[in-house]
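The values are calculated or read from the model by the stated rules, or taken from the named source; none is laboratory data. Given the structure is predicted, the values throughout are model-derived calculations rather than measurements. For neighbour counting, all protein chains shown are included, and Cβ atoms are generated from backbone atoms with ideal geometry for every residue, glycine included.
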Amino acid sequence: MTSDDLASAKPKPPAKPNLLGIFLVFVMTAIVGSIVVYSLSGWGVPARVKNLKNPFLPTPEATQSARAEYAARCQSCHGANGDGRGERAERLSIAPADFRDAHAMGLRTDGELFWIITEGHKPMPAFRGTMNEEQRWNMVEYVRGFASHK
Ligand code: HEC
């Protein structure tokens with residue numbers, strides 16, 4: 001090696017920070033983080049729906065139709081008496097709630113129950129498309145009934 005070779009050998013440029021790599025790590029962390037938070041927060045009911053009130057008057061007709069809706073759409077999982085032991089319950093990944101548990105149901109606001117019925121939560125389906133707003137509110141009332149007359 002001559003002194004000329006040494007002079008022409010350029011110093012290696014300093015390693016640039018890999019911005020794309022840092023960005024990807026950041027994005028991955030954000031995605032994984034939100035999944036963890038979402039799964040821990042259970043239903044993830046947004047705060048704004050908690051205080052929603054039923055805008056419909058409870059009438060005997062409403063209860064009647066909610067009873068029929070319940071038998072057709074909810075009973076297979078939630079059970080005829082709301083105990084969460086419908087014939088499909090055993091095969092579900094998560095056990096359906098026991099609506100007769102007045103304490104547990106008391107922790108939920110009407111707005112939360114409405115949101116749960118509207119949005120669903122795997123394995124429970126969403127009922128946004130199958131029941132209109134009034135039917136879903138009537139169902140909130142109906143489901144509450146299991147805890148009051150045990
Ligand atoms: C395929 C089975 C299935 C069907 C059908 C179903 N559910 Fe559910 N439901 C579940 C499961 C499972 C849970 C518990 C999910 C969880 O805790 O993440 C649940 C939870 C709920 C809860 C929350 C109770 C609480 O406080 O934790 C409400 C309210 C509810 N269901 C109402 C209904 C109504 C009303 C219908 C019919 C319109 C219905 N569900 C239909 C499976 C079902």
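Of the residues making up region 115-150, those that are part of a helix (DSSP H, G or I) and within 7 Å of the ligand (Cβ to nearest atom) are 116, 117, 139, 143.
For residue 71, the conditions (1) exposed (fewer than 13 other Cβ atoms within 10 Å of the Cβ); (2) free of Cβ contacts under 8 Å to residues at least 24 places away in the same chain; (3) near the ligand (Cβ under 7 Å from one of its atoms) are fulfilled apart from (3).
Counting the residues of region 80-92 that are without any contact (Cβ under 8 Å) to a residue 60 or more places away in the chain and near the ligand (Cβ under 10 Å from one of its atoms) gives 6.
In region 111-123, the residues that are at pLDDT below 95 form Cβ pairs under 7 Å with partners that are within 6 Å of the ligand (Cβ to nearest atom), at six or more places apart or across chains, as follows: 120/127; 123/92; 123/94. Of all residues in region 93-111, those that are charged (D, E, K, R), within 17 Å of residue 136 (Cα to Cα) and more than 6 Å from the ligand (Cβ to nearest atom) total 1. The residues on offer are 25, 49, and the sole one that is in contact with a helix residue (DSSP H, G or I) (Cβ under 7 Å, 6 or more places away or on another chain), at pLDDT below 95 and surrounded by 11 or more Cβ atoms within 10 Å (Cβ to Cβ) is 49.
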